[in-house]
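Notes to accompany the following structure.
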Amino acid sequence: MTKWGDQPHWAMDAVYLGRDEAGDWLGFPTATHMSRPGLDFTTTNDQVGLVPAAGTAVGQAWLATFHGPGGSVWTYVDMTTVPRWHGRTVRAVDLDLDVIEALDRTVFVDDEDEFEEHRVAYGYPPEIVELATATSDLVHRAVTQKAPPFDGRSAPWLELLGRLIA
């Protein structure tokens with residue numbers, strides 16, 4: 001991922017797990033190294049990511065991560081430009097807003113202040129502001145209501161990841 005203006009952001013390797021009607025599923029086993037300028041992080045639990053398929057009810061301008069036991073959240077969804085595959089790499093621009101399902105199952109939108117600051121500082125075009133806010137609303141509602149693809153369909157992918165790395 002990059003930030004607006006092609007500024008570097010998160011980079012990490014993943015295991016391609018497969019595809020279903022929700023999109024492409026990626027695995028991040030425990031001890032996956034993730035980095036961005038100024039921060040390196042090593043995961044402490046298994047996680048699977050979802051690159052949404054075209055035509056999902058919650059649009060396509062997001063990337064979701066579903067955490068297995070031992071994580072700090074259950075679901076973390078970055079609002080992004082529409083993710084695109086470039087060979088074996090997924091690329092998207094992080095648009096700051098995140099929808100998070102906490103361990104107590106509360107769902108909230110995070111980094112609204114960062115979004116407002118960056119919207120002005122980086123000059124987000126109006127259509128990008130609309131994309132990020134509309135997608136955030138759709139994803140927040142879907143995660144809260146356990147609507148597809150936030151309806152538990154990540155569980156078999158987490159199980160597959162566990163079998164692959166065992």
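The values are calculated or read from the model by the stated rules, or taken from the named source; none is laboratory data. In this text, all values refer to a predicted model and were calculated from it rather than measured experimentally. Glycine also receives a Cβ, built like all others from the backbone with ideal geometry; neighbour counts cover every protein chain displayed. These area figures cover heavy atoms from the full protein model, side chains too; ligands, DNA and RNA do not enter into them. Shrake-Rupley method; radii C 1.70, N 1.55, O 1.52, S 1.80 Å.
Modelled this way, with points 7 Å down the Cα-to-C-beta line, the labels at GLU127 and ARG163 are 4.3 nm from one another.
Of all the accessible heavy-atom surface of the chain, with the other protein chains kept in place and a 1.4 Å probe, what percent is carbon and sulfur? Carbon and sulfur: 54 percent of the exposed surface of the chain. Residues considered: LEU131, LEU39, LEU50. Largest GNM mean-square fluctuation over the chain, using C-alpha springs under 10 Å, is found at LEU39. Treating each Cα of the range 46-140 as an identical point scatterer and summing with the Debye formula, the log10 of I(q)/I(0) at q = 0.25 Å⁻¹ comes to -1.33.
Considering only VAL99, VAL77, VAL109, the mean-square fluctuation computed in a Gaussian network model of the chain, springs between alpha carbons under 10 angstrom, is largest for VAL109. If you sort ARG141, ARG19 by accessible surface, 1.4 Å probe, largest first, the order is ARG19, ARG141.
Ranking of TYR16, TYR122 by solvent-accessible surface, largest first: TYR16, TYR122 (1.4 Å probe, protein heavy atoms only, all chains present). Ligands, DNA and RNA excluded, the heavy atoms of HIS86 present near 100 Å² of accessible surface to a 1.4 Å solvent probe. On the basis of the beta-carbon distance and an R0 of 25 Å, HIS33 and ARG105 show a calculated FRET efficiency of 0.30.
Shape class of the range 1-111 from the Cα gyration tensor (axes a ≥ b ≥ c, square roots of the eigenvalues): rounded, since a/c falls below 1.5.
Loop-located trypsin sites (Lys or Arg not before Pro) in the range 29-131 (DSSP state other than H, G, I, E, B) with a sparse environment of at most 16 neighbouring Cβ atoms within 10 Å: ARG88, ARG105. Here the range 29-70 and the range 93-166 have alpha carbon centers that stand 10 Å from each other. Ranking GLY23, GLY5, HIS118 by how far each Cα lies toward the positive end of the dipole of the chain (charges on Cβ) leaves GLY23 at the top.
Using a ≥ b ≥ c from the Cα gyration tensor of the range 120-166 (square roots of the eigenvalues), is it rounded, prolate or oblate, where a/c under 1.5 gives rounded and otherwise the larger of a/b and b/c decides, a/b for prolate?
Note, shape of the range 120-166 comes out oblate.
Give the percent of DSSP beta bridges with both residues in the range 1-107 that are antiparallel, rounded to the nearest 5. Restricted to the range 1-107, the bridges split so that about 95 percent are antiparallel. Summing Lys, Arg as +1 and Asp, Glu as -1, what charge do residues with Cβ under 13 Å from the Cβ of VAL73 carry, VAL73 excluded? Computed value for this residue: -4.
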